[in-house]
Amino acid sequence: MTYNRSERVAEEIRKEIATMLFGEVHDPRIGFVTITKVALSKDLRQAKIYFSMIGTEEEKEKTMQGLESASGYMRREIGKRLKLRYFPEITFKFDDSLEYAQNIEKILKEIKSDKI
């Protein structure tokens, strides 16, 4: 299996963002988030960072605001740490696949309990 450069850099960005959120970014709006995926353009100039979290819609919105507020710092740090020629523009997107999977599991359990 071969990976192109943007996929390798995307994985490194994911690791660095997770590290920053764990120990360096101290915005109280940012709750416990998991960085699920980074989609990086082939020219390495645009990075969509997908995150998931469990919480209310209000908590998710506050977390999104906190992440957007910290994006400038994260962008500079990624450029320095990964020694990239261009610092990618960062946008955060909520990844609802975890909630979707939980909803499907709940429906399947309901169907199974109805058959018993």
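The values are calculated or read from the model by the stated rules, or taken from the named source; none is laboratory data. Keep in mind that this is a model prediction, so the values were computed, not measured. No Cβ is skipped: glycine too gets one built from the backbone with ideal geometry, and neighbour counts run over all protein chains shown.
Scanning segment 14-50 for residues that are of a type in the set (Val, Ile, Thr) and within 14 Å of Leu67 (Cβ to Cβ) turns up Ile17, Val25, Ile30, Val33, Thr34, Ile35, Thr36, Val38, Ile49. The set of residues from segment 3-62 being closer than 24 Å to Gln102 by Cβ and among the small types (Gly, Ala, Ser) comprises Ala18, Gly31, Ala39, Ser52, Gly55. Pairs meeting the criteria (first residue in segment 28-41 and among the hydroxyl-bearing types (Ser, Thr, Tyr), second residue surrounded by 15 or more Cβ atoms within 10 Å (Cβ to Cβ) and not in a strand (DSSP E or B), beta carbons under 6 Å, at least 6 apart or on different chains) are Thr36/Asp95.
When each of Leu108, Leu98, Leu84 is tested for being in contact with a helix residue (DSSP H, G or I) (Cβ under 8 Å, 6 or more places away or on another chain) and either more than 23 Å from Glu12 (Cα to Cα) or of a type in the set (A, V, I, L, M, F, W, C) (or both), the lone residue that passes is Leu84. Of the candidates Ile35, Ile17, Ile30, the single residue that is in a loop (DSSP other than H, G, I, E, B) and surrounded by 14 or more Cβ atoms within 10 Å (Cβ to Cβ) is Ile30. The residue that is farthest from the chain's Cα centre (by Cα), counting only those in segment 57-116 that are closer than 22 Å to Asp27 by Cα and loosely packed, with under 12 Cβ neighbours inside 10 Å, is Lys80. Would you say Glu57 is of a type in the set (Asp, Glu) and either in contact with a Leu (Cβ under 8 Å, 6 or more places away or on another chain) or at pLDDT 95 or above (or both)? In short, no.
Screening segment 38-56 for residues that are of a type in the set (Gly, Ala, Ser) and surrounded by 14 or more Cβ atoms within 10 Å (Cβ to Cβ) and picking the one that is nearest to Tyr86 (Cα to Cα) gives Ala47.
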